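The values are calculated or read from the model by the stated rules, or taken from the named source; none is laboratory data. In this text the structure is predicted, and so the values were computed from the model without any measurement. When we count neighbours, we look across all protein chains shown, and the Cβ atoms used for this are built from the backbone with ideal geometry, even at glycine. Heavy atoms of the whole protein, side chains included, go into the accessibility calculation; ligands, DNA and RNA do not. Shrake-Rupley method; radii C 1.70, N 1.55, O 1.52, S 1.80 Å.
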Amino acid sequence: MSDHHDAPSNPYLKKRRDSGETEKLTKRVQKIEQLLIDKGVVTKEALDRIIEIYETDIGPLNGSQVVAKAWADEDYKQRLKTDATKAIAELGFSGLQGEHMVVVENTPSVHNVVVCTLCSCYPWPVLGLPPKWYKEAPYRSRIVIEPREVLKEFGTNIPSATEIRVWDSSAEIRYMVLPQQPNYAKNMSEEELAKIVTRDSMIGVETL
Amino acid sequence: MNGIHDLGGLQCFGKIDNKDVDVKFVDDWERRLFASTLCSFGALGPIDAFRHAIEKMDPVHYLSSSYYEHWLEAVEARIKELNFTQSDIGVPLTPTDIESIVATGAHYARESVPENEPLAVGLEVRALPHSPEGHTRLPNYIKGKKGIITELRGTFVFPDTLAHGLGECEQPLYSVRFSSRELWAGRDPTNDAVHIDLWHSYLEVCDV
């Protein structure tokens, strides 16, 4: 194992901000918000509504319903694999950062995992906003060159005979992984199935 | 531009951190900035201009600052670039507008027939060493490498021109498969691969 695996995590990121720095950042953001309101771009209520939508309405529970339905309904799974945007919209999920969806299916021979090496593109309508690690340098840099080591850090060991396919979301296509249905879940109802699907399994850093 | 944002394949960032942190926003200013940024794409966008503003950040600051500090830098830069403080007052977005924008999104695919005849699925292509001074979505680790076109995604607006107000210049977009062996030479004995979406202009057909 080479030395870089022993390096501290994300060594260049300044981890803590003192209250003075936070205050400065807060003031800069307030200035932007006020400018947008003064210039008639948006109302304060509309800004509050966006926050509410992404903090409470949209999250990985959406994606888990998609996965559960795909497991329970073979026809739906085929629609999802053919035109994911349309199939996901059947469940009422669509819009910003999910305009062009592709769902990639895990099988015994292929394991899929999603990244955006250039920024942090992520399928918001099905998974909500991305977790911190997804946006940070260690994941974005390493998953394309050493996916097996990265997955091990998530506690995920992929057999060497299984191909790992990393999807780098460099364009406007957004990816979601359809995890393999675990054996213990074969007879569950769709509702029960949705409960066992995790966010990380739909990014592809975890298997179920 | 070949900037610090282009992290794919770097090995200097250590282990994945924050795997268990499940907060969308650490500080309240991040929440407010998230909302302001989404609402400002109409006035300060398009999204690729915003991405390019992040790419132009001071590299040391990029690596040492958090995800939302990148957003803050970009929004401030766009306000300055567009001399936005001098612009006319508009009709502000309301909570209802927001709900409709979130559910509809911004579509990047076009029905028009592209100037370039799409390349065939199965064709071997090489990513060009395309290094414009402006915005591009071709990551460094792909440049000069050979891959196989596995899907035609459709005709999509071209970020390299769109980011600079030079028009949509829509082109065929392909999903291209690059084997880990090709990308990282001998370090990887597996059948792992990266699949990435690339525009027509980023590619040349390999000689048979």
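For this structure, a couple of remarks:
- Scanning the range A:160-206 for residues that are more than 30 Å from residue B:105 (Cα to Cα) and either in contact with a Lys or Arg (Cβ under 6 Å, 6 or more places away or on another chain) or modelled with pLDDT of 95 or more (or both) returns A:162, A:163, A:164, A:181, A:182, A:183, A:184, A:185, A:188, A:189, A:192.
- Residue within the range B:106-116 that is within 17 Å of the chain's Cα centre (by Cα), more than 23 Å from residue B:1 (Cβ to Cβ) and not hydrophobic (A, V, I, L, M, F, W, C) present: yes
- Residues that are open to solvent by 60 Å² or more (accessible area, probe 1.4 Å) and not assigned by TED's automatic domain parsing to the domain that holds residue B:197 number at least 1 in the following helices (runs of 4 or more DSSP H) confined to the range B:1-113: B:28-44, B:59-64, B:67-81, B:95-104.
- Listed by position, the helices (runs of 4 or more DSSP H) inside the range A:118-208 whose residues that are free of Cβ contacts under 8 Å to residues at least 12 places away in the same chain number at least 3 form an empty set.
- Selected residue (only one of B:25, B:34 is closer than 30 Å to residue A:151 by Cβ, at pLDDT 95 or above and at the interface with chain A (Cβ under 9 Å from one of its Cβ atoms)): B:34
- Odd one out for residue A:163, checked against (1) open to solvent by 20 Å² or more (accessible area, probe 1.4 Å); (2) more than 9 Å from chain B (Cβ to nearest Cβ); (3) closer than 24 Å to residue B:150 by Cβ; (4) not hydroxyl-bearing (Ser, Thr, Tyr): (2)
- Count of residues meeting criterion [more than 7 Å from chain B (Cβ to nearest Cβ), more than 24 Å from residue B:59 (Cα to Cα) and not basic (Lys, Arg)] in the range A:10-53: 7
- Any hit, the range A:81-96, residues being under 30 Å from residue B:63 (Cα atoms), among the hydrophobic types (A, V, I, L, M, F, W, C) and facing chain B (nearest Cβ under 7 Å): yes
- Residue within the range B:158-173 that is touching a residue at least 24 places away in the same chain (Cβ under 8 Å), under 17 Å from the mean Cα position of the chain (by Cα), open to solvent by less than 40 Å² (accessible area, probe 1.4 Å) and more than 25 Å from residue B:54 (Cβ to Cβ) present: yes
- Residue B:20 of a type in the set (D, E, K, R), within 20 Å of residue A:54 (Cα to Cα) and either in contact (Cβ under 8 Å) with a residue 24 or more places away in the chain or more than 7 Å from every other protein chain (Cβ to nearest Cβ) (or both): yes
For every residue, the table says whether it meets (1) of a type outside the set (Ser, Thr, Tyr); (2) surrounded by fewer than 19 Cβ atoms within 10 Å (Cβ to Cβ).
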| position | (1), (2) |
| --- | --- |
| A:25 | yes, no |
| A:81 | yes, yes |
| A:85 | no, no |
| A:92 | yes, yes |
| A:104 | yes, no |
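- So residue B:166, is it within 25 Å of residue B:113 (Cβ to Cβ), assigned by TED's automatic domain parsing to the domain that holds residue B:127, in contact with a Phe, Trp or Tyr (Cβ under 7 Å, 6 or more places away or on another chain) and not in a helix (DSSP H, G or I): no
- Residues satisfying the criterion are present in the range A:48-70 (criterion: within 30 Å of residue B:86 (Cβ to Cβ) and open to solvent by 40 Å² or more (accessible area, probe 1.4 Å)).
- Answer from B:159, B:114 - the residue that is of a type outside the set (Gly, Ala, Ser) and modelled with pLDDT under 95: B:114
- Looking across the range B:174-192, the residues that are open to solvent by 50 Å² or more (accessible area, probe 1.4 Å) and not in a loop (DSSP other than H, G, I, E, B) come down to B:177, B:181, B:182, B:185, B:186, B:187.
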